[in-house]
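All remarks here apply to the structure that follows.
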Amino acid sequence: MATSESGRAGRATARRGAPRASEAAPGARPGRGDPRTPPRASPDAPPAGPDAPPAAEPAGAPDEQAGAPDERAGRFDEAYFRTYYGEGSPARVHGPDEVALLARAVVSLAGYWGWPLHSALDVGAGPGFWRDALLREAPGLDYLGVDVSPVACARYGHERRDIARWRARRRFDLVVCQGVLQYLDDEAAAAALENLAVMAKGLLFLEALTRKDLDDVADRQRTDADVFLRSGAWYRARLRPHFVQVGAGLFCKRESGLLFFELERAGA
């Protein structure tokens, strides 16, 4: 099992049967036009039992944590990028075309729900695919990309941050965290989720490989399996006090004031 790493570069998880990078045909799903007003969404009670989250951070806790990444970030080196993002690599996970489709969907749903996107934080920004796609979809977006990898930061211009030990004072309309948390042990992943929750003002797009994903969904030939595998319930238990899950990897901050139809809310 891998040691704890924070804010990894992009993701190294591929779905079984999914086209390889740049093979997917472009497209967009049709939108819907029902206007809605934004009363506050009612929170659900947090779960009990072994998957229950730890106690909430006490009032008055600092709203920024320092924390330079440590030497373990060296895992995400030139070889890692060549393997999972290099042109022609058989293990290449995805390219800019696939991320562009995903970013378009996220921005479109935010618009449909009436949530303006003025700022975005990209955790584990890696090759910068989300940056490029988001700035095309939302020109003028105030974007911040962070990564633990010195290679990614030097090559793509991100700030070097460890999401398990860092949070910004500002909050963001959209937070993206794709393929990062499975590289963290339980303690670091729980801390990262708390930091993401503090920095998210509205929407969070989250993807993290779970035990069931690796068994049932992931293409093992294109997936880095040297990670910390947990259940989806473990993640949901720690997200639920802060977010409403609305499906397709999107979570909405409870105090955002957005209202969702019952069948839009996953598991509601």
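The values are calculated or read from the model by the stated rules, or taken from the named source; none is laboratory data. Everything numeric in this text was worked out from a predicted model, so none of it was measured. Every residue, glycine among them, receives a Cβ derived from its backbone with ideal geometry; neighbour counts consider all protein chains shown.
All of R254, R222, R169 fail the test of being within 26 Å of S89 (Cβ to Cβ), among the basic types (K, R), touching a residue at least 24 places away in the same chain (Cβ under 8 Å) and out of contact with any helix residue (DSSP H, G or I) (no Cβ under 7 Å at 6 or more places or on another chain), apart from R222.
Within the range 120-177, can you find the residues that are on the phi > 0 side of the Ramachandran plot and either of a type in the set (A, V, I, L, M, F, W, C) or in contact with a strand residue (DSSP E or B) (Cβ under 7 Å, 6 or more places away or on another chain) (or both)? Answer for the range 120-177, where residues must be on the phi > 0 side of the Ramachandran plot and either of a type in the set (A, V, I, L, M, F, W, C) or in contact with a strand residue (DSSP E or B) (Cβ under 7 Å, 6 or more places away or on another chain) (or both): G124, G126, G128. For the range 58-72, the criterion of being touching a Ser or Thr at 6+ places or on another chain (Cβ under 6 Å) and at pLDDT below 90 is met by at least one residue.
Of the residues contained in the range 152-163, one or more are found to be closer than 25 Å to R75 by Cβ, acidic (D, E) and without any contact (Cβ under 8 Å) to a residue 24 or more places away in the chain. Taking (1) in contact with a Leu (Cβ under 7 Å, 6 or more places away or on another chain); (2) of a type outside the set (D, E); (3) at pLDDT 95 or above in turn, L206 satisfies each apart from (1). In the range 202-218, the residues that are acidic (D, E) form Cβ pairs under 8 Å with partners that are at pLDDT 95 or above, at six or more places apart or across chains, as follows: E207/C177; E207/Q178; E207/G249.
Table: residues versus (1) among the hydrophobic types (A, V, I, L, M, F, W, C); (2) at pLDDT 95 or above; (3) surrounded by fewer than 22 Cβ atoms within 10 Å (Cβ to Cβ); (4) more than 14 Å from the chain's Cα centre (by Cα).
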{"site": "A152", "(1), (2), (3), (4)": "yes, no, no, yes"}
{"site": "A164", "(1), (2), (3), (4)": "yes, yes, no, no"}
{"site": "V175", "(1), (2), (3), (4)": "yes, yes, no, no"}
{"site": "G179", "(1), (2), (3), (4)": "no, no, no, no"}
{"site": "D186", "(1), (2), (3), (4)": "no, yes, yes, yes"}
{"site": "L196", "(1), (2), (3), (4)": "yes, yes, no, no"}
{"site": "K212", "(1), (2), (3), (4)": "no, yes, yes, yes"}
{"site": "T223", "(1), (2), (3), (4)": "no, no, no, yes"}
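Across the range 198-210, the qualifying residues are those that are under 30 Å from G114 (Cα atoms) and not hydrophobic (A, V, I, L, M, F, W, C), and the one among them that is surrounded by the fewest Cβ atoms within 10 Å (Cβ to Cβ) is E207.
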